[in-house]
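Data block below; observations after.
No value in this document is a laboratory result; all are computed from the given coordinates. Bear in mind the structure is a predicted one, so any value in this text is a computation, not a measurement. Because the Cβ atoms are built from the backbone with ideal geometry, glycine has one as well, and the counts that use them run over all protein chains shown.
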């Protein structure tokens, strides 16, 4: 049986996936809502996009699947896009806001 994949490995792997329009990784953008891993290292990922009609959605989904299946022992990845709650810039890390030149004091809600 394969060793259980750690949360750190998953987050590190997902940080290699960037939104092609913004050039910032999906973790720092706050696009990943939840990750479930079962005993077989099958991953169920719940994430969103910056907008429901985001043209980069299929590319991001493919990149996420590639990043996660590259982890040792992971063979099945199911990605589900959810839009509730809707994404807002307030979900970004301070590093992402810096990268995009956003002011921390702005109210993004």
- Item | Matching residues in the range 37-53 - criterion: being in a loop (DSSP other than H, G, I, E, B), buried (at least 19 other Cβ atoms within 10 Å of the Cβ) and over 12 Å from the mean Cα position of the chain (by Cα) | 41
- Counting only residues in the range 55-79 that are free of Cβ contacts under 8 Å to residues at least 24 places away in the same chain and surrounded by 15 or more Cβ atoms within 10 Å (Cβ to Cβ), the one farthest from residue 91 (Cα to Cα) is identified as 65
- Message: With the requirement that a residue be touching a helix residue (DSSP H, G or I) at 6+ places or on another chain (Cβ under 8 Å), assigned to a loop (DSSP other than H, G, I, E, B) and buried (at least 16 other Cβ atoms within 10 Å of the Cβ), what does the range 1-18 give you?
- Response: 17
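Based on what the data block shows, is residue 28 out of contact with any helix residue (DSSP H, G or I) (no Cβ under 7 Å at 6 or more places or on another chain), on the phi < 0 side of the Ramachandran plot and touching a residue at least 40 places away in the same chain (Cβ under 8 Å)?
Values: out of contact with any helix residue (DSSP H, G or I) (no Cβ under 7 Å at 6 or more places or on another chain): no; on the phi < 0 side of the Ramachandran plot: yes; touching a residue at least 40 places away in the same chain (Cβ under 8 Å): yes.
So residue 28 does not fit the description; no.
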- Message: Looking only at the range 80-104, filter to residues that are touching a strand residue (DSSP E or B) at 6+ places or on another chain (Cβ under 9 Å) and free of Cβ contacts under 8 Å to residues at least 60 places away in the same chain; which one of those is surrounded by the fewest Cβ atoms within 10 Å (Cβ to Cβ)?
- Response: 85
- Item | Within the range 19-36, considering residues that are surrounded by fewer than 18 Cβ atoms within 10 Å (Cβ to Cβ) and assigned to a strand (DSSP E or B), the one farthest from the chain's Cα centre (by Cα) | 36
